[in-house]
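These notes are about the structure you will find just below.
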Amino acid sequence: MAELSPAADAVLTAVTLTRYDVPPEGLFAFAEEMAPLIVAALRAAADQVVPVPIDAKTPEEHWALLGVKNRLLAIADELEAQ
């Protein structure tokens with residue numbers, strides 16, 4: 001498994017520690033198996049947090065929401081590339 005960003009590593013670690021009390025590097029096959037499920041959950045969360053069209057009251061709120069969505073999708077993309 002390639003080195004992950006701190007955000008992607010935190011997501012994967014949270015899942016493996018919750019399920020098996022072991023960091024992802026100790027459960028490579030499990031982490032690899034769980035990645036597509038985590039990706040799907042992150043993409044769904046991004047769509048729920050910031051549905052299209054973005055219902056923002058101000059331009060600042062619009063860009064802040066879009067930034068949150070993009071960060072969630074970036075983590076999903078990174079885990080999907082594993």
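The values are calculated or read from the model by the stated rules, or taken from the named source; none is laboratory data. Note that this is a predicted model, so its numbers are computed, not measured. Positions of Cβ are generated from backbone atoms using ideal geometry, with glycine treated the same way; all protein chains shown enter the neighbour counts.
General remarks:
- Restricted to segment 21-36, and to residues there that are among the hydrophobic types (A, V, I, L, M, F, W, C) and assigned to a loop (DSSP other than H, G, I, E, B), the residue that is modelled with the highest pLDDT is Val22.
- Residues (at pLDDT below 90 and in contact with a helix residue (DSSP H, G or I) (Cβ under 9 Å, 6 or more places away or on another chain)) located in segment 59-72: Leu65
- Residues satisfying the stated conditions in segment 53-77, i.e. closer than 20 Å to Leu12 by Cβ and of a type in the set (Asp, Glu): Asp77
- Selected residue [in contact (Cβ under 8 Å) with a residue 24 or more places away in the chain, small (Gly, Ala, Ser) and surrounded by 12 or more Cβ atoms within 10 Å (Cβ to Cβ)] from Ala41, Ala45: Ala45
- The residue that is modelled with the highest pLDDT, among those in segment 10-20 that are under 19 Å from Val68 (Cβ atoms) and surrounded by fewer than 18 Cβ atoms within 10 Å (Cβ to Cβ), is Ala10.
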